[in-house]
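Engineer: Please find one structure pasted underneath; my questions will follow.
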């Protein structure tokens, strides 16, 4: 039997839908999300990106050939050299300085997901790690597409979160999402049913941790 990323999604459909359709992103798309909830999310997402970079550094170490090495290194450079800088600039637009970000306490939901990813990568291989990260990279792209199909989504100047919505619908991000799905599809195609069951557990756990991350933003919890 040949597997693909969509099989992971189908195996975890209830959790996946709860993540993609969470109240946090619904309110964000409608422009009704409390601004302090969004600021709290932005701050914790900065910390998440730092650990995301660490995960790609670990993936670089775990790479077994030059193709994997280049792929992981490119991901690391994009996060550290591009995404973190863009995130800091966006935070500044919301009144959050780089000094504020440097002093942040880490929320339990942030710790739970990021350490889960790093632990998964440490004890497993590159496929384990990419499956653990998939709810983030693939999920945000799918969330963007789902929100754009909903009648409650408000676009343009009427929505204070327009820039966030535009970021994840951009061709750059959507292309990265498609590339990640293709990478996963290629490797999932040859796994055994037993191995797929292991990967499904990782994917489900990571998706549940992403749900908790949205809820953390909504509740402004630490």
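Each value in this text was obtained by applying a stated rule to the coordinates, not by laboratory testing. What you see is a predicted model; the values in this text were computed from it and never measured. Please note: Cβ atoms are built from the backbone with ideal geometry, for glycine as well, and neighbour counts cover all protein chains shown.
Engineer: Compare 61, 161, 19 in a GNM of the chain, Cα atoms joined below 10 Å, and give the one with the largest fluctuation.
Structural biologist: 61
Engineer: Quick check: the angle from helix 35-62's long axis to the longest principal axis of the chain, C-alpha only, nearest 10 degrees?
Structural biologist: 20
Engineer: Given axes a ≥ b ≥ c from the Cα gyration tensor, I'd like to know whether region 86-174 is rounded (a/c under 1.5), prolate (a/b larger than b/c) or oblate.
Structural biologist: oblate
Engineer: If you don't mind, another one. Hey, rough spin-label estimate for residue 123 and residue 36, points 7 angstrom out along Cα→Cβ, what's it come to in nanometres?
Structural biologist: Result: 3.9 nm between the two label points.
Engineer: Compute the relative contact order of the chain as a whole-number percentage, counting only Cα pairs closer than 8 Å that sit 6 or more residues apart in sequence.
Structural biologist: Across the chain, relative contact order equals 42 percent.
Engineer: Which of 104, 137, 184 ends up with the largest GNM mean-square fluctuation for the chain, with Cα atoms connected below 10 Å?
Structural biologist: 104
Engineer: On alpha-carbon atoms, Rg over Rh for region 5-219 using Kirkwood Rh?
Structural biologist: Radius of gyration over Kirkwood radius for region 5-219 works out to 0.95.
Engineer: Let me ask another. Can you sort 10, 43 so the residue with the fewest Cβ neighbours within 10 Å comes first?
Structural biologist: Going from sparsest to densest Cβ surroundings: 10, 43.
Engineer: Extending each Cα 7 Å along its Cβ direction at residue 45 and residue 172, get the distance between those two points in nm, one decimal.
Structural biologist: Each label point is offset 7 Å from its Cα along the Cβ direction, giving 1.4 nm.
Engineer: Could you tell me the distance between the Cα centroids of region 37-51 and region 71-113, to the nearest Å?
Structural biologist: Computed from Cα coordinates, the inter-centre distance equals 7 Å.
Engineer: What does the helix-only formula give at 222 nm for the chain: each DSSP H stretch with n ≥ 4 adding -39500 (n - 2.57), the total divided by the residues, and the result rounded to the nearest 500 deg cm²/dmol?
Structural biologist: The per-residue figure over the chain is -25000 deg cm²/dmol.
Engineer: Separate question: Using a Förster distance of 45 angstrom, determine the FRET efficiency expected from the C-beta separation of residue 197 and residue 73, and round it to 0.05.
Structural biologist: Given R0 = 45 Å and the Cβ-Cβ separation, E is 0.90.
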